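Trainee: Dumping the structure here so I can ask a few things about it.
The values are calculated or read from the model by the stated rules, or taken from the named source; none is laboratory data. Keep in mind the model is a prediction, meaning the values are calculated, not measured. All Cβ positions, even for glycine, are placed from backbone atoms using ideal geometry, and neighbour counts span all protein chains on display. Just so you know, the surface numbers come from the protein's heavy atoms only, side chains and all, with ligands and any DNA or RNA stripped out. Shrake-Rupley method; radii C 1.70, N 1.55, O 1.52, S 1.80 Å.
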Amino acid sequence: MLQRRDFTFLTTALLTSPWAMAQAPAAWASILGKARGQTVYWNAWAGDEKTNAFIAWVGEQVKSRHGVNLVHTRLKDTSEAVTRVIAEKSAGRNEGGTVDLIWINGPNFLAMKQQGLLYGPVTPSLPNFKYVDVTQKRSNLIDFTTPVDGLAVPWSLAQIVFVYDSARLRNPSELPRSAPAMLDWARRHPGRLTHPKVSNFLGSTFLKQALVDLIADPAVLQLPATDASFAPVTAPLWAWYDPLKPTLWRQGQQFPDNGSAQRQLLNDGEIDITISFNPSEAAASVSAGLLPATVRSFTFRKGTIGNTSFVAIPYNAAHKEGALVVANFLIDPQAQARAQDIQYLGNLNVLDLSTLPASDRARFDRLTPSATLPSAAELGAPLLEPHASWMTRIEAEWQKRYTR
């Protein structure tokens, strides 16, 4: 298994490779020249209006700055774009493809990388990549245990937090900051905790987070789960969940469909703690009137899982230079600060703020304030996602154990 220092070395190697060295400012100027007038088709999930509005703003910026036209090809699922690129390759359309840029991570990124469908490495060519945090935010280089190898550009970071109402849970020292502490808390407060259905990604993430916290060496989760490894590695999870389940909301016989339904239970006072994969979600919910202003967030002491969203360019993209310009703008400090502002998107940035010029670093000091937002110190460095095979097997095992 590759260790942290290996990935840091890999990134350094990419940045100093002959290919990267050739991408000097003059080379970037050439890319800008070719990009001007191109129309970039960014295939991106369109299920959130704030995200759609952010993409529209990106389009306005790259048009005014670089003369690049950006079209948001709205997807219900990222696999739609992946399937299109695969179909074009099967048809021999190796140039002039219809997809220029994809919002991607997880199994879709893995599939495109394994099939050689990605252009790059691209990150060494991007002037703004020098600001990306490749040390503390390791998911910027490792996507669900798959090394990114410069084939995709990180632009948004997510991390698990737990949300509670400080008007009801008044003593922060009593918040459960580990999986064992959460079981103790649930026993003392029956019916006040739940998680979304395990068929929902947030529900299965609740179990993944517990597993990471419970086992002695989470590094084993970076390897694919096997028939031999699954039972012994997950034994602590089931030993923890068996007594937890009857203490949950409605005795663990019923679960909210998704994160929104779980949040409503918190707002209605039916439960006291929820899980979220966006540290800014509670603040945005307060702003939208969906949660009381007294909600706050906390994490586990050992840390919580985080992952990164990327954009990638298909190997046959018709407008590669324009796509590079858009990708570079997405990691511009101005774009990252806007994305993090709860007024617009509320996503965590992917940058190492200590590397920014003072004027750009100040952008993050001017973000819309909220007492609900956890600080960077409170969040800590995000932990890596387990290999995707663990999630699949955990979901199946949960169904086998608890739905018969």
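Trainee: If DNA, RNA and ligands are ignored and the probe is 1.4 Å, what is the ranking of 74, 138, 250 by accessible area, most exposed first? Intermediate results must be reported in sequence, preceding the final value.
Mentor: On the way: 74 145, 138 70, 250 110 Å².
Final ranking, largest accessible area leading: 74, 250, 138.
Trainee: Right, here's the next one. Kindly write out, for region 40-54 in residue order, the coupling ³J(HN,Hα) from the Karplus curve 6.51 cos²θ - 1.76 cosθ + 1.60 (θ = phi - 60°), rounded to whole Hz, with x marking Gly and Pro.
Mentor: Going residue by residue, I get 9, 9, 8, 7, 8, 3, 10, x, 9, 5, 5, 5, 4, 5, 5 Hz, with x marking Gly and Pro.
Trainee: Another question about this same structure. Cut-off 10 angstrom, C-alpha nodes, Gaussian network model of the chain. Which of 225, 152, 181 fluctuates the most?
Mentor: The residue that fluctuates most here is 181.
Trainee: Starting from the Cα-Cα distance between residue 52 and residue 217, subtract it from 0.36 nm times their residue separation and give me the gain in nm to one decimal. Let's see the in-between values first.
Mentor: Numbers: separation 165, 0.36 × 165 = 59.40 nm, distance 3.96 nm.
Net length gain for the segment: 55.4 nm.
Trainee: Using Cα pairs closer than 8 Å and at least 6 residues apart in sequence, work out the relative contact order for region 158-270, in percent.
Mentor: On the way: 86 pairs, mean separation 42.4, N = 113.
Once normalised by length, the contact order is 38 percent.
Trainee: Computed FRET efficiency, Cβ-Cβ of residue 238 and residue 189, R0 22 Å: what is it to the nearest 0.05?
Mentor: Numbers: r = 22 Å, r/R0 = 1.00.
About 0.50, to the nearest 0.05.
Trainee: In the full protein assembly as shown, how much of residue 355 is accessible to a 1.4 Å probe, in Å² to the nearest 10?
Mentor: It works out to around 60 Å².
Trainee: By how many nm would the segment from residue 253 to residue 294 lengthen if fully extended, with 0.36 nm per residue of separation less the alpha-carbon distance? Show your work: numbers first, answer last.
Mentor: Details: separation 41, 0.36 × 41 = 14.76 nm, distance 2.92 nm.
My answer for the length gained is 11.8 nm.
Trainee: Quick one: of the DSSP bridges fully inside the chain, what percent are antiparallel, nearest 5? Can you show the working numbers first?
Mentor: Working: 22 of 34 bridges.
If we restrict to bridges inside the chain, about 65 percent are antiparallel.
Trainee: Nothing charged except the Cβ atoms of Lys and Arg (+1) and of Asp and Glu (-1): what's the magnitude of the dipole of region 198-344 about its Cα centre? Round to the nearest 20 debye. Kindly include the intermediate steps, with their values, before the conclusion.
Mentor: Details: 9 positive and 12 negative charges, 21 e Å.
Its charge dipole is roughly 100 debye.
Trainee: Hey, another quick one. Relative contact order for region 42-160 using alpha-carbon pairs under 8 Å, separation at least 6, rounded to a whole percent?
Mentor: On the way: 102 pairs, mean separation 27.1, N = 119.
About 23 percent, as a whole number.
Trainee: Also, I was wondering about something else. Just to be sure I understand, if you calculate Rg and Dmax of the Cα atoms in Å for this structure, which of (1) 21.7, 65; (2) 20.8, 69; (3) 20.6, 65 do you get?
Mentor: (1)
Trainee: For the chain, what does the helix formula give at 222 nm: sum of -39500 (n - 2.57) over DSSP H segments with n ≥ 4, over the residue count, nearest 500 deg cm²/dmol? Spell out each step's value before the answer.
Mentor: On the way: 16 runs with 171 residues, N = 404.
Here the helix-only value at 222 nm equals -12500 deg cm²/dmol.
Trainee: Give me the distance between the Cα centres of region 348-391 and region 112-182, rounded to whole Å.
Mentor: About 9 Å separates the Cα centre of region 348-391 from the one of region 112-182.
Trainee: Something else about it: For a test of the definition: using alpha carbon positions, the gyration tensor, and the 1.5 limit on a/c, classify region 41-163 as rounded, prolate or oblate. Intermediate values should be presented prior to the final figure.
Mentor: Working: a/c = 1.32, a/b = 1.10, b/c = 1.19.
Rounded.
Trainee: Arrange the residues 268, 352 by how much accessible surface each exposes, largest first, with a 1.4 angstrom probe.
Mentor: On the way: 268 90, 352 50 Å².
From most exposed to least exposed: 268, 352.
Trainee: Turning to a different aspect of this structure: Near the amide H of residue 40, under 5 Å away, which other amide H atoms are found, from residues 5 or more places off or on another chain, if H is placed in the peptide plane?
Mentor: HN-HN under 5 Å from residue 40: 69, 70, 71.
Trainee: Can you give the FRET efficiency for residue 396 and residue 114, using 1/(1 + (r/R0)^6), R0 = 25 Å, r = Cβ-Cβ distance, to the nearest 0.05? Provide the component values of the computation, followed by the final result.
Mentor: On the way: r = 23 Å, r/R0 = 0.93.
Once the sixth-power term is evaluated, E becomes 0.60.
Trainee: While we're here: Can you list the lysines whose alpha carbon sits under 22 Å from that of residue 137, skipping same-chain ones fewer than 8 residues off?
Mentor: Here the lysines satisfying the reach criterion relative to residue 137 are 113, 208, 302.
Trainee: Please list the non-local residues whose amide H lies under 5 Å from the amide H of residue 305, H modeled 1.01 Å from N, same-chain partners needing a gap of 5 or more.
Mentor: 160, 383
Trainee: Starting from the amide H of residue 142, placed 1.01 Å from N in the peptide plane, find each other amide H under 5 Å away whose residue is 5 or more places distant or on another chain.
Mentor: 148
Trainee: Show which lysines lie in cross-link reach of residue 50 when reach means a straight Cα distance below 21 angstrom and same-chain residues fewer than eight apart are skipped.
Mentor: The reachable lysines, counting only those whose Cα sits under 21 Å from residue 50, are 63, 76.
Trainee: Related question: Between residue 334 and residue 63, 0.36 nm times their residue separation minus their Cα-Cα distance comes to what?
Mentor: Details: separation 271, 0.36 × 271 = 97.56 nm, distance 1.55 nm.
Between residue 334 and residue 63, full extension yields 96.0 nm more.
Trainee: Using a 1.4 Å probe on the protein heavy atoms only, what accessible surface does residue 227 show? Give it in Å² to the nearest 10.
Mentor: The value for residue 227 is about 130 Å².
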